[in-house]
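Quick notes on the structure that follows.
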Amino acid sequence: MELLKNPLIMAGVTIAVVLGGILGACSYLIWLERKLSAWMQDRLGPNRVGPMGLLQPIADGGKFLLKEDVIPDHVNKFLYLMAPCLSLITTMLAFAVVPFGPVSHAPGDFPFVIAPGIDLGIVFVFAVGSLAVYAIILGGWASNNKYSALGSLRASAQVVSYEIPLGMSVVGIALLNHTMSVEKILMYQAEQGFAGWNVWYQPVAALIFFTAALAESNRLPFDLTECEQELVGGFHTEYSAMKFAMFFLGEYTHVITISFLTSVLFFGGWHFPVIAEVGSPWFLKVGVLLLKVLLIIVLIQMLRWTIPRFRFDQLMGLAWKVLIPMATLNVVIVMCVLEFELPRFWLLPLSAGLFATVGLISTQGSLPQRSLTAAPTAAHGHGH
Amino acid sequence: MNPLPEQWRMIVPAALGALAVWMLLPRDGKRRWVLGSLCGLVALVGVLSTVRPVIDDWAMDGLFYLFGGGAVLSGVMMITDRNPIYAALWFALVTLSTCGLFLLNAAPFLSAATIVVYAGAIVVTFVFVIMLAQQAGAATYDRRAFQPMLATCAGFLLLGAILYTIDASGRGGEDARPQFLPRVQIAEVTPNPLSQPRILNEETGETDLGSLSSIGRSLFGDYLFAVELAGTVLLIATIGAIALAPRRAQGHL
Amino acid sequence: MPINESDVTWVSEPKMNFWESTFLPAIFQGLKVTASHIDGHTVTQQYPEEPVKLPMHYRGVHRLNRDDQGRVKCVACMMCATACPANCISIIATEAPKNDPVWEGRDKYPASFELDELRCIYCGMCEEACPCDAIELTHIYDLTGKTREEMIFNKDKLLSVFDQTKDSGVDPVRTHRGKLSGTADFQSLPPLAPATSVNPDDRSAKASSPGVISR
């Protein structure tokens, strides 16, 4: 136990716990996703390996490791092999500042975050997350395949666009809680109790954050980069065996990270009234946090089979015409509330008002409509 | 002032570096890359032995050498690589190494912002454009340097001047700084209390210098005018880009 | 020829109302639909464990029917071999001996009847073409073999398929009561459901010769 007081050793233990936890969680979340998809489609899902197919992830992992490692001809070998590693590294790195329990700074305590006390937690997540696009771009380009190249081109445009609303949606929270550190934001909410959860003050920001994060992680309905119907497999068309698995793990780790961030930033982290208050034992807090994260992941998995995929112009339109102006106005609202020292509960009606305004603009907007009556007479005026 | 030959510790590595870059720049025919890389390595070691970090922590020293050397090496690789995609990736590495140096100097926000803006957006856009533009492979005029001699000389003269100035200013106190203009009397200004670092811990003298809030106070206190000006310029650039972008008739793709 | 302007109907996008334009009701409605399906109800069949439920019109391995005297019903008219798009049927016809009581009332029968189950595309044209309902497709779907020769079914093998399947309940002898061939004269027909459920308003169901399979 004396050994654990060494910060380096403690960090190593935490990293080992997180790494093992995430990899195990990934494989079983994939099992859960397959089961959920099956149930939603009135199927049974994996049920051959073990009871309820519970050993399926292990069988899949073994298969990934033992499969032939195909490197196609005419690929740029170095970049081709580097891309999946980058994918996994960047997404894992982003988890370094995400607290997964009651954060403790005392030496010898399990810190429940890999890098405690990082002052600019959210900015770090975004910085590392913005590097994740390299994996997709390089993988797609190095594969020497037009589907891969198209997928990676889409990915770069999508990820660069959605970084902006993602970053702007948390500015309001940083202003309200006077910090960018994820663990301090969590503590701030927990000390205020149930009414202190950021989602009550920033519901629109929560919506924007969730949408943009979903788009960043290339999940349906935003999986334009790998949509099977158009691009075969998108950027990972040419990848097989463990290299494909690394891309997949990277994507799933990203999903886990954004679920943790959503629950920590907006839904009070480990706090839940009565069950897990500030003075509760650590296992209750961890349990509550993991339950919240699981709920968000299940929501993401259900959205996958609920909302059809966006068209690419709709995707870009959503980011640039809806989410970014909304996020900007949201920041302005928070600034006004803080500057004129209005009570914080004013943010809820103001956010609702913002949402209603955006909805009204999109229905009542007087944008120049395509005139359909004129179109038939023009020789080339048939629209799309 | 020191005469020029006394500055050999700076001049020799700079000249060697210039020679290395000149030899390594892509051109028609073969490059003498063995000789060039040797020259470059000698120059790098020479510079590193002169401009040592002052702290005596082996971890910090190692990281400094890693990031500093990495930045210089990646920079050289960026301008000498024939493949534009690799050049863009080397540029990303330059940015990341520079961010590492920022982190070493206790500027985490600057480092994260640089990663987001440069490595995450600008270089990605470069790669994007290169992929779209060069689908048939690099053109011949892209595979050799344009004016290698002139570019190398100009670049290293600039670098030498900067190194000389840093060296001269680091050697002595206020008076040892090189004087290019006659010293004028500046009015005494009371320092802005907003921009002064706040003391967090009285006993250890720890301040919040370099933290997010102090950067915010500095940007929106001392440099408010510059920040607003830069923002306005960017806004004008955006509007200009939208105005310049070709318009399609409504309903046509 | 360009489409006449009067034939073109221009359709405009329906205008969205306030709630629709926020997309939230649609998302919640969709979530409700997907969530309501998570109730354990499945439509899948667990094939190796559960016997598979095939539709009545399933087309599997062929058989050659026997008439009421146990002789092969086929009269070697070559209609099936002609109709077969995959050219998988080859028949050698022979004349029935005149005074043999076994072949009483028959002129021709197939000396050899070979059907290559590997070439067959299971389209059922032979069954349609057969004037005396001698060749029929059964519900046997799990036909396997180790060699290609094994998969070429001769007359005996096709007859043995008939012996196997005639009493299985799903493969009753579908017959026209021997209207053309006179080789069989069943007095009663086994009850059989229509192959598919047919909408009475469906024009294609009112064919010129409806009810080939009927009670």
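Pairs linking a residue in the stretch C:94-111 that is closer than 18 Å to C:Asp68 by Cβ to a residue that is in a loop (DSSP other than H, G, I, E, B) and basic (Lys, Arg), with Cβ atoms under 9 Å and 6 or more positions apart or on different chains, are C:Ala96/C:Arg106; C:Val102/C:Arg71; C:Trp103/C:Arg71; C:Arg106/C:Arg71; C:Tyr109/C:Arg71. Applying the set (1) under 30 Å from A:Tyr162 (Cα atoms); (2) free of Cβ contacts under 8 Å to residues at least 24 places away in the same chain; (3) surrounded by 15 or more Cβ atoms within 10 Å (Cβ to Cβ) to B:Met77 leaves exactly one unmet item: (1).
Would you mind listing the helices (runs of 4 or more DSSP H) fully within the stretch A:227-337 where at least 1 residues are away from every other protein chain (no Cβ under 14 Å) and either in contact with a helix residue (DSSP H, G or I) (Cβ under 7 Å, 6 or more places away or on another chain) or among the acidic types (Asp, Glu) (or both)? Write out each step before concluding.
Details: elements: A:228-231, A:241-266, A:282-304, A:312-317.
Because the criterion is at least 1 residues that are away from every other protein chain (no Cβ under 14 Å) and either in contact with a helix residue (DSSP H, G or I) (Cβ under 7 Å, 6 or more places away or on another chain) or among the acidic types (Asp, Glu) (or both), the helices (runs of 4 or more DSSP H) in the stretch A:227-337 that meet it are A:228-231, A:241-266, A:282-304.
Where helices (runs of 4 or more DSSP H) fall wholly inside the stretch C:1-86, the ranges with 2 or more residues that are within 14 Å of chain A (Cβ to nearest Cβ) and modelled with pLDDT of 80 or more are C:24-36.
Taken over the stretch A:253-285, the criterion of being modelled with pLDDT of 80 or more and of a type in the set (D, E, K, R) is satisfied by A:Lys285 alone.
Quick one: is A:Tyr162 assigned to a helix (DSSP H, G or I), touching a residue at least 24 places away in the same chain (Cβ under 8 Å), within 11 Å of chain B (Cβ to nearest Cβ) and not aliphatic (A, V, I, L, M)? Walk me through how you get there before you give the answer.
On the way: assigned to a helix (DSSP H, G or I): yes; touching a residue at least 24 places away in the same chain (Cβ under 8 Å): yes; within 11 Å of chain B (Cβ to nearest Cβ): no; not aliphatic (A, V, I, L, M): yes.
Here the answer is no, as A:Tyr162 does not meet what is asked.
In the stretch B:149-165, the residues that are in the same structural domain as B:Trp22 (by TED's automatic domain parsing) reach residues that are aromatic (Phe, Trp, Tyr) and open to solvent by 60 Å² or more (accessible area, probe 1.4 Å) with C-beta atoms within less than 6 angstrom, at least six apart or across chains, in these pairs: B:Thr152/B:Trp22. Here A:Leu150 meets each of (1) away from chain B (no Cβ under 13 Å); (2) more than 18 Å from the chain's Cα centre (by Cα) with one exception, condition (1). When residues in the stretch A:116-147 are screened for being more than 10 Å from every other protein chain (Cβ to nearest Cβ), touching a Ser or Thr at 6+ places or on another chain (Cβ under 9 Å) and either among the hydroxyl-bearing types (Ser, Thr, Tyr) or assigned to a loop (DSSP other than H, G, I, E, B) (or both), 5 of them pass. All conditions but one from (1) touching a helix residue (DSSP H, G or I) at 6+ places or on another chain (Cβ under 6 Å); (2) more than 12 Å from chain B (Cβ to nearest Cβ); (3) not polar (S, T, N, Q) apply to A:Met180; the one that does not is (2). For the stretch A:67-76, the condition holds for no residue, the condition being that it is touching a residue at least 40 places away in the same chain (Cβ under 8 Å), among the polar types (S, T, N, Q) and more than 12 Å from chain B (Cβ to nearest Cβ).
Conditions tested, residue by residue: (1) in the same structural domain as B:Val21 (by TED's automatic domain parsing); (2) of a type in the set (Ser, Thr, Tyr); (3) modelled with pLDDT of 70 or more; (4) surrounded by 10 or more Cβ atoms within 10 Å (Cβ to Cβ).
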residue: B:Glu174; (1), (2), (3), (4): yes, no, no, no
residue: B:Ile186; (1), (2), (3), (4): yes, no, no, no
residue: B:Arg198; (1), (2), (3), (4): no, no, no, yes
residue: B:Thr207; (1), (2), (3), (4): no, yes, no, yes
residue: B:Ser213; (1), (2), (3), (4): no, yes, yes, yes
residue: B:Ala243; (1), (2), (3), (4): no, no, yes, no
residue: B:Pro246; (1), (2), (3), (4): no, no, yes, no
residue: B:Gly251; (1), (2), (3), (4): no, no, no, yes
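Taken together, the residues in the stretch A:236-280 that are without any contact (Cβ under 8 Å) to a residue 12 or more places away in the chain and either small (Gly, Ala, Ser) or open to solvent by less than 30 Å² (accessible area, probe 1.4 Å) (or both) amount to 2.
The values are calculated or read from the model by the stated rules, or taken from the named source; none is laboratory data. From a predicted model like this one, the values you see are computed outputs, not experimental measurements. We place every Cβ from the backbone using ideal geometry, glycine too, and count neighbours over all the protein chains shown. The protein model used for the area step is the full one, side chains on, heavy atoms only, and it has no ligands, DNA or RNA in it. Shrake-Rupley method; radii C 1.70, N 1.55, O 1.52, S 1.80 Å.
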